[in-house]
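Below is one structure; the comments refer to it alone.
The values are calculated or read from the model by the stated rules, or taken from the named source; none is laboratory data. Being a predicted model, the structure only gives us computed values, none of them experimental. Neighbour counts are summed over all protein chains in view; Cβ atoms, including those assigned to glycine, are modelled from backbone coordinates with ideal geometry.
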Amino acid sequence: MNSTFKSKALATVLALVLGGAGLHRFYLNGMKDRWGWLHAASLPASGLLFALQPDWPLLAYAAPAVLSLLVASLETFVIGLTQDEKWDERYNAESDIKTGSRWPIPAMMVLNLFYGATLLLTVIARAFDLILTGGAYG
């Protein structure tokens, strides 16, 4: 197997499961990826906000991590829905191996749709609760 080959399925799994930490970006673009480091910094940033302001609502200090997870959900769709030919042009131009997406990619897209929509609706509902009632519902 050629070491320059980038698996679309692996990149999709990384974005879906560990996208909030930016591992999919590091897999695809290497350790110099600035967006990957921004993802990776989101969890410590949320922890720092909690340490500095523990009386804030959960949504306020978790905002960097939640934003990173929402962006990772979008990136999961971008990776998974990229046509195999375009994927190979971008990431596997020097490789003899060609991408052949099978059923796991659509299954991950369905799972990501459920996960991303649930996260987004939860954030919207909690934000409206905080704005309109001052957090009366939790």
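Conditions tested, residue by residue: (1) small (G, A, S); (2) out of contact with any Pro (no Cβ under 7 Å at 6 or more places or on another chain); (3) in a helix (DSSP H, G or I).
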site	(1), (2), (3)
F26	no, yes, yes
I97	no, yes, no
V123	no, yes, yes
A127	yes, yes, yes
L130	no, no, yes
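Kindly indicate whether L48 is in contact (Cβ under 8 Å) with a residue 12 or more places away in the chain and part of a helix (DSSP H, G or I).
no
Which members of segment 75-84 meet the condition of being in contact (Cβ under 8 Å) with a residue 12 or more places away in the chain and not hydrophobic (A, V, I, L, M, F, W, C)?
Scanning segment 75-84 gives E75, T76, G80, T82, D84.
Output the residues belonging to segment 1-39 that are among the small types (G, A, S) and surrounded by fewer than 18 Cβ atoms within 10 Å (Cβ to Cβ).
S3, S7, A9, G30
Which of (1) within 13 Å of K6 (Cα to Cα); (2) at pLDDT 95 or above does L67 not meet, given it meets every other one?
Exception for L67: condition (1).
Do any residues in segment 110-131 that are more than 11 Å from L69 (Cβ to Cβ) have Cβ atoms under 9 Å from those of residues that are surrounded by fewer than 12 Cβ atoms within 10 Å (Cβ to Cβ) and not hydroxyl-bearing (S, T, Y), where the two are at least six apart or on different chains, and which pairs are they?
Short answer, once both residue conditions are applied: R126/G138; D129/A136; D129/G138.
Pull up segment 54-95, narrow it to residues that are among the small types (G, A, S) and not in a helix (DSSP H, G or I), then point me to the one that is nearest to I131 (Cα to Cα).
Step by step, filter segment 54-95, then rank; the result is A62.
Anything in segment 53-64 that is in contact with a helix residue (DSSP H, G or I) (Cβ under 9 Å, 6 or more places away or on another chain) and either more than 16 Å from R34 (Cα to Cα) or of a type in the set (D, E) (or both)? List them, or say none.
Across segment 53-64, the qualifying residues are Q53, P54, W56, P57, L58, L59, A60, Y61, A62, A63.
Tell me, yes or no, whether segment 29-37 has at least one residue that is closer than 27 Å to F128 by Cβ and not hydrophobic (A, V, I, L, M, F, W, C).
Among the residues of segment 29-37, not one is closer than 27 Å to F128 by Cβ and not hydrophobic (A, V, I, L, M, F, W, C), which makes the answer no.
Within segment 91-138, take every residue that is among the charged types (D, E, K, R) and surrounded by fewer than 11 Cβ atoms within 10 Å (Cβ to Cβ) and give me the one that is nearest to S73 (Cα to Cα).
R102
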